[in-house]
Amino acid sequence: NWDTPFTLDPTNHNTLYFGTHRVYRTTNAAANWTAISGDLTDGPAGGNLVFNTITTIAVAPTNGQVVYVGTDDGNVWVTQNGGTSWTQINAGLPDRWITRVAVSPQNAGTVYVALSGYRIQEPLVHTYRSTNFGANWQNIGGNLPEAPVECIIEDPANPQQLFVASDVGV
């Protein structure tokens, strides 16, 4: 994948996460990396629509032990214990490229997922929210234009306001 995800832990500036088909973590300025997950994709790629790679990583600003991951083959995962165990949470979501996972600045259990059907010529908006660590999802696409969504962020000052970036605007 041409856009390898990495993110800093907002609760610990010494911790950096990096995604391939698994998640790696460093706590010493990238001198050493440790795999904290197994393969979170569906396995080796079988074509040119997906590459079976992690596309997005988000760490909860209120709890550095909570990490969410999305993949280009439609998987979404969460760990609530810093990578010791992972739970797949994409049941109920469309099987599409996960373009972004974002965690609420106020609540580690509230997560947003943006998906894209661009590679299968599906320009529909796919934007979802869960308030229980991905156990259930609510479609929050509302009246957004029919276009792939690339990014979603909750306003840190107002959890009722979201910013969404799509292929046609913000």
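Quick check: pseudo-label points 7 Å beyond the Cα along Cα→Cβ at Ser85 and Ala30, how many nm apart are they?
Placing both labels 7 Å beyond Cα along the Cβ direction yields 3.4 nm.
Tell me, what is the Rg over Rh of the chain, with Rh the Kirkwood radius over Cα pairs? The partial results should precede the final answer.
Values: Rg = 15.2 Å, Rh = 16.0 Å.
Dividing the radius of gyration by the Kirkwood radius yields 0.95.
Tell me, what ³J(HN,Hα) does each residue in segment 75-83 have, in order and in whole Hz, if you take phi through Karplus 6.51 cos²θ - 1.76 cosθ + 1.60 with θ = phi - 60° and put x for Gly and Pro?
8, 10, 10, 9, 10, 10, 9, x, x
Only Cα pairs within less than 10 Å get springs; with that Gaussian network setup on the chain, which residue of His21, His13, His126 has the largest fluctuation?
Looking only at His21, His13, His126, the biggest GNM fluctuation is shown by His13.
Hey, what's the Kirkwood Rh for segment 4-103 if you take every pair of different alpha carbons, in angstrom?
13.5 Å
Suppose all protein chains stay in the model; what accessible area per residue would a 1.4 Å probe give for segment 1-91, in Å²? Before the final figure, lay out each step's value.
Working: 4370 Å² over 91 residues.
Normalised by residue count, the accessible surface of segment 1-91 is 48 Å².
Which of the peptides 80-89, 135-144 is most tightly packed, and how do the rest follow, going by the mean number of other Cβ atoms within 10 Å of each residue?
Result, highest mean Cβ count within 10 Å first: 80-89, 135-144.
When the accessible area of segment 75-170 is split by element with a 1.4 Å probe, what percent falls to carbon and sulfur?
Carbon-and-sulfur percentage of accessible area, whole number: 50.
Springs between alpha-carbon atoms under 10 Å, Gaussian network over the chain: tell me which of Asn32, Asn107, Asn90 tops the mean-square fluctuations.
Of Asn32, Asn107, Asn90, the Gaussian network model singles out Asn32 as fluctuating most.
The values are calculated or read from the model by the stated rules, or taken from the named source; none is laboratory data. In this text, all values refer to a predicted model and were calculated from it rather than measured experimentally. Here the Cβ is made from the backbone with ideal geometry for all residues, glycine too, and neighbour counts use every protein chain on show. Quick note on the areas: whole protein, heavy atoms, side chains included, nothing else; ligands and nucleic acids left out. Shrake-Rupley method; radii C 1.70, N 1.55, O 1.52, S 1.80 Å.
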